[in-house]
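What follows is calculated from the coordinates using simple rules that are stated; it is not laboratory data. Computed from a prediction, not measured in an experiment: that's the story for all the values here. Reconstructed Cβ throughout: ideal geometry from the backbone, glycine too, with neighbour counts over all protein chains shown.
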Amino acid sequence: MDRDGFVPNPVLAGLVGICPLIAASRSFAEGTAYGLGAAACALALGAAAPPLRSSVSDRLQAPATLALSAAVALVFAACIKAYSPAIAAGLWVYLPLISVSGLSLYALRRSYPSRRSEDSLATLALESLMFLLTAASAGALREFLGLGTLTLPTPGDAPLRLTAMASPPIRILVTPAGGFMLFGFLVAAYRAFVPRREGQ
Amino acid sequence: MPRDNRDRMIENLAVAVALGVLALVVAAITLAADARSFAEERGYLVPSGSSWSVAGRCDDPAFARVFRILSDSATCYATTLTIRSLQGQAFILGASFSPKGELLGLRFVGSCSAGQVSDPGDLVDSIPGAGEAVARASDFVRALEAERSGQGS
């Protein structure tokens, strides 16, 4: 069975890149920042892939790809720290781990056959956007249900925060355990609603 | 040397040089961002008209550098504390210490995600992890002052 989307197999996705995503996306602002960073990494790798394939031999493409992903993640981390020290403080050690999510986002789509005949940057951009929306919405859900607030990704030391509930119903959602629970439900929903390929 | 090995070595060197250039670019951007955060920190820790210097740097996850501030013939140390908890809270606090390491003041600078402070008047008790971070910073200030006194004597 093969499905479209950036998570072709939830078990495989659990092995690469999802742990820092769960740990980092504790609020809407942090999830948006993390998703944006992973998308930027994946797009940078997608843009650099054709010149890398033509100029670097196969044995050196993996380390070059890893170095490029790490460089983009570090530059993104510096930009986030300049944009909002508070969001950077929230993401903490998971800022460099954006390179892991970017690599997995770029590599996973190349590990399974796509319905499109060409390997286009536009397809990667669409899937990166899906990842960003997933990270942002997961962060928003966790913060809204777990803490009753919604932190917007505004610049400065104190991002704008909207308070919706004085007593949030599911406080466990902001912990890592709650994050894994939420992602389990999201994966189940994805498998339930994304149509299977014909004949499978 | 066989031609294949020579070609491989040249290719290895070329890729190493390219990655070295990439590393330099990343280091330059990181230094620029660090300079900006340094200026912002100095902006809300050092009162205007005071003389200041960086007393020390640390690898502690809560604080990276401590400023030594001299104003009105009084000396104090100041730093920003970044506190992140497993409950989805992230805070940035400004702390000032006496040369003996006593906490003189703690100021709320910013927060992210669920950084809600129930009692702004007592940040140490309101924020989980603030007490431990303040204690580590206090120990670091005492060590800095002891080192400085030892150098002066």
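Considering only B:Leu104, B:Leu81, B:Leu31, the Gaussian network model of chain B with Cα springs below 10 Å gives its largest mean-square fluctuation to B:Leu31. Converting phi to 3J(HN,Hα) with the Karplus coefficients 6.51, -1.76 and 1.60 and the offset θ = phi - 60°, the range B:27-40 yields 4, 5, 5, 5, 5, 5, 5, 5, 5, 5, 5, 4, 5, 5 Hz in sequence order, with x at every glycine or proline.
Between B:Ala39, B:Ala74, B:Ala133, the residue with the greatest mean-square fluctuation in the GNM of chain B (Cα pairs under 10 Å linked by springs) is B:Ala74. Look at the stretch A:86-94: the mean tally of other chain Cβ atoms within 10 Å of its residues' Cβ atoms is 6. Database remark: amide H of B:Leu81 closer than 5 angstrom to the amide H of B:Leu93, B:Gly94, B:Ala95 (H placed geometrically; neighbours at sequence offset of 5 or more, or on other chains; Pro and chain starts carry no H).
What number, rounded to the nearest 500 deg cm²/dmol, is the helix-based mean residue ellipticity at 222 nm of chain B, given -39500 (n - 2.57) per DSSP H run of at least four residues and division by all its residues? -16000 deg cm²/dmol, from helical runs alone. In this structure, A:Arg171 and B:Ala143 have a Cβ-Cβ separation that, at R0 = 41 Å, corresponds to a calculated FRET efficiency of about 0.60.
What's log10 of I(q)/I(0) for the range A:18-193 at q = 0.14, 0.15, 0.19 Å⁻¹, Debye sum over Cα points only, no solvent? Here log10 of I(q) over I(0) equals -0.76, -0.86, -1.22.
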